[in-house]
1. Is one or more of the residues making up region 33-44 among the β-branched types (Val, Ile, Thr) and either modelled with pLDDT of 95 or more or surrounded by 15 or more Cβ atoms within 10 Å (Cβ to Cβ) (or both)?
2. Return the residues of region 10-27 that are of a type in the set (Lys, Arg), exposed (fewer than 11 other Cβ atoms within 10 Å of the Cβ) and within 23 Å of Leu57 (Cβ to Cβ); say none if nothing qualifies.
3. Out of region 35-82, which residues are within 15 Å of Cys9 (Cα to Cα) and in contact with a helix residue (DSSP H, G or I) (Cβ under 8 Å, 6 or more places away or on another chain)?
4. Every residue in region 30-74 that is charged (D, E, K, R), within 13 Å of the chain's Cα centre (by Cα) and outside any helix (DSSP H, G or I), please.
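The values are calculated or read from the model by the stated rules, or taken from the named source; none is laboratory data. What you see is a predicted model, and the numbers here were worked out from it, not measured in a lab. Positions of Cβ are backbone-derived with ideal geometry, glycine not excepted, and every protein chain shown enters the neighbour counts.
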Amino acid sequence: MVKLRLKRCGRKQRAVYRIVAIDVRSRREGKDLRKLGFYDPIKNETYLNVPSILYFLERGAQPTETVRDILKKKGLFKELPK
């Protein structure tokens, strides 16, 4: 099963997160299937690769709660049912 979740990047005390598609059994910093965007909580910036995200969601990928909230803020969950 594939999940859409956050992968921590950046440096100490300055976290930036990548939104990635990753196998459920992989650890947080493990090998991802595809990078789908990023989220910077300090600057409150978000970039989403919408076609890739929709591709994975249509094929059954489950977003984590945090990623789901980020997608809702960008209006992406209006396009797909829960």
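1. No, because not a single residue in region 33-44 is among the β-branched types (Val, Ile, Thr) and either modelled with pLDDT of 95 or more or surrounded by 15 or more Cβ atoms within 10 Å (Cβ to Cβ) (or both).
2. Arg25, Arg27
3. Listed by number, the residues that qualify are Leu36, Gly37, Tyr39, Thr46.
4. Passing the criteria: Asp32, Arg34, Lys35, Asp40, Lys74.
Let's see how each residue does on (1) closer than 12 Å to Tyr17 by Cβ; (2) of a type in the set (D, E, K, R); (3) free of Cβ contacts under 8 Å to residues at least 60 places away in the same chain:
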site	(1), (2), (3)
Arg34	no, yes, yes
Tyr39	yes, no, yes
Glu45	yes, yes, yes
Val50	no, no, yes
Arg59	no, yes, yes
Thr66	yes, no, no
